[in-house]
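No value in this document is a laboratory result; all are computed from the given coordinates. All figures in this text were calculated on a predicted structure; none of them were measured in a lab. Neighbour counts run over all protein chains shown; Cβ positions are idealised from the backbone, glycine included.
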Amino acid sequence: MLPKNKIKVIDFHTHLMSLAGAEQVFPEARQSMFFKHVVPLVEPIADLTEGLHDRLLRDLAMRYNNKLSRLIYSHCGELFLMEALRLFKRHGLERLVFNMDKLGIERSVIYSLEPLTKTQDILDQVKKYGDRFSVFASVHAEEKDKVGYLKPFLDSGTARGLKIHPMVGGYNAANLYEKARDIFALAEAYDVPLAMHTGDIPIQRITTSQVSCCGIPAIEALVHDFPNCKLVLNHLGWESWRAVIKLAEEHPNVYVETSWQHASIMRRAVKALGPERVIFGSDYPLFQQWQALREVRKAFKPNEFQLVAHDNAARLLKLPISEHQVVGV
């Protein structure tokens, strides 16, 4: 494990899930023979061997642009769905707080993923921890009054930003502009960050629903029409990192978040955008915070690390900025 940092860190990408929410996601996949007969046997073994396969699976995913890895990864949809749901169940709020204390992470941003986890459910869970968490609200694509659903969270100050996850939330490339336009407008009007998943995930290959991870062209029209919306693209595009960096180069309101990326790709982002628009995130519990911090440490010089690991996120969240420069992180 890593020692505590000499500066405090903000993790801009974490999740929590209620068990009730898990039952609502990819129901057709969960009725498969794999989930009915294989998962009950494999899941206990996965719990026991988590330390080993955790590193192997994440190493594979971080090399997603490798042709062999992409081929393997694209045929493992059910396995990865099982692993994602297992991690959500196993790594809850108390473990997240323990990890944060151990690693010197002062605050984590928790994204709601409607219907996987309701925004109010997350707010209720983290209430006792005060300012250790900032919650981003989300809304399903088929919600008729998206603004009406999200606005109370922003008016009350309980949500510090908004989140769109196309695959979980029912969005796709064809409907994204129509379904997400009001969310972009709301984030712009309230001057809060909007985080959005980018990159392919194998789960879409095991579902017959009309949702998918949206490509960068589908996002670009919204970025163009809402130039004052502070958009944070999660995973730095994953396998689409080149397109995400290009989009951010052309639009100064676009930020990139580092989860699931190699240090070498993070360096490319900093070279193109400067360190002020790159933000640290882990994607806990799918990616452990200590692993994500290790990769960020590889990528950045001490002054860059402070911006990426804390100050950039603090500015977006309207939190105090550290005035000291840090060496030897």
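Please arrange SER259, SER264 by how many other C-beta atoms lie within 10 Å of their C-beta, fewest to most.
Listing SER259, SER264 from fewest to most nearby Cβ atoms yields SER264, SER259.
Counting Lys +1, Arg +1, Asp -1, Glu -1, what net charge surrounds GLU143 among other residues with beta carbon under 11 Å of its beta carbon?
For residues surrounding GLU143, the net value is -1.
Report the FRET efficiency, 1/(1 + (r/R0)^6), for ALA189 and GLN120, where r is their Cβ-Cβ distance and R0 is 30 Å, rounded to 0.05. List each step's numbers first, then the result.
Working: r = 22 Å, r/R0 = 0.73.
With a Förster radius of 30 Å, E is 0.85.
Beyond 23 Å between alpha-carbons counts as too far, so tell me which of LYS8/LYS128; LYS230/LYS318; LYS271/LYS301; LYS151/LYS230; LYS151/LYS179; LYS89/LYS298 fall in that bin. All intermediate terms of the calculation are to be shown ahead of the outcome.
On the way: LYS8/LYS128 21 Å; LYS230/LYS318 13 Å; LYS271/LYS301 12 Å; LYS151/LYS230 17 Å; LYS151/LYS179 16 Å; LYS89/LYS298 30 Å.
Table pairs above 23 Å Cα-Cα are LYS89/LYS298.
Can you put TYR111, TYR129, TYR255 in order, fewest other beta carbons within 10 Å first?
By the 10 Å Cβ count, ascending: TYR129, TYR255, TYR111.
Counting other beta carbons within 10 Å of each residue's own, what order do ARG95, ARG267 fall into, fewest first?
Ranked by crowding around the Cβ, least crowded first: ARG95, ARG267.
Sticking with the crude label model, points 7 Å out along Cα→Cβ, report the distance from LYS151 to ASP225 in nm, one decimal please.
The modelled label-to-label distance comes out at 1.9 nm.
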